[in-house]
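As structure tokens, the structure follows; a few thoughts come after it.
The values are calculated or read from the model by the stated rules, or taken from the named source; none is laboratory data. Predicted, not measured: the structure shown is a model, and the values here were computed from it. Methodologically, a virtual Cβ is constructed for each residue, glycine included, from the backbone with ideal geometry; neighbour enumeration extends over all protein chains shown. These area figures cover heavy atoms from the full protein model, side chains too; ligands, DNA and RNA do not enter into them. Shrake-Rupley method; radii C 1.70, N 1.55, O 1.52, S 1.80 Å.
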Amino acid sequence: MGLFDGLPVKDPVIPSWDQYFMRMSYLAASRSNCTRRKVGAVIVKDRHVIATGYNGPPRGMVHCSDVGCVRIDMDIPSGERRELCRGLDAEQNAIIQAAVHGSSIRGASIYVTAHPCVICSKMIINSEIGEIIYADGYPDELSDLVLLESGIITRRFSLPEEEVKVMIGETFANLKSED
């Protein structure tokens, strides 16, 4: 008798590579302590994860969820006055992690739960990432223009909303227009 004899056999649904890596980006986002929006990023090269990142303050600093958000306190709209944010973006943290660990990301793809802002877009361009796959939009027209000029492949790939709610919570899944 074999090891698996007698066990119910189901036809497994194997996720596409986009589903697989976008799910990982939402898993990374679940680590965020941002009070406005949870964002995650996964840098992939040749179908291997090189680095992950999520939005939050620099290593060793107090979490935003503990000290509050000056941008919320000042009622600053999404996409504006980013220099006031205590945290780094998910894309920035993923690029930094690749650098810290000595991993080249030239020609890689980055999966992000939200479209990159202009600062992250410029970092992605200079790090020579070749493709951006994002789930949600972000109100930054300059980012769109910079990426268009760069020639980086940019495409949208979203997971079902119910799946996102399970990964990052219903409250944050419904805050897609916030940053």
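Yes/no per residue for (1) assigned to a helix (DSSP H, G or I); (2) surrounded by fewer than 18 Cβ atoms within 10 Å (Cβ to Cβ); (3) among the small types (G, A, S):
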site: A28; (1), (2), (3): yes, no, yes
site: N33; (1), (2), (3): no, yes, no
site: R36; (1), (2), (3): no, no, no
site: A51; (1), (2), (3): no, no, yes
site: P58; (1), (2), (3): no, yes, no
site: S65; (1), (2), (3): yes, yes, yes
site: I72; (1), (2), (3): yes, yes, no
site: E80; (1), (2), (3): no, yes, no
site: R86; (1), (2), (3): no, yes, no
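Which of (1) over 17 Å from the mean Cα position of the chain (by Cα); (2) closer than 19 Å to M22 by Cβ does E149 not meet, given it meets every other one?
Of (1) over 17 Å from the mean Cα position of the chain (by Cα); (2) closer than 19 Å to M22 by Cβ, only one is false for E149: (2).
Go through the stretch 96-129 and report how many residues are open to solvent by less than 10 Å² (accessible area, probe 1.4 Å) and not in a loop (DSSP other than H, G, I, E, B).
8
Can you pull out the residues in the stretch 130-157 that are open to solvent by 70 Å² or more (accessible area, probe 1.4 Å) and either outside any strand (DSSP E or B) or closer than 18 Å to V39 by Cα (or both)?
Across the stretch 130-157, the qualifying residues are P139, E141, L142, D144, L145, L148, E149, R155, R156.
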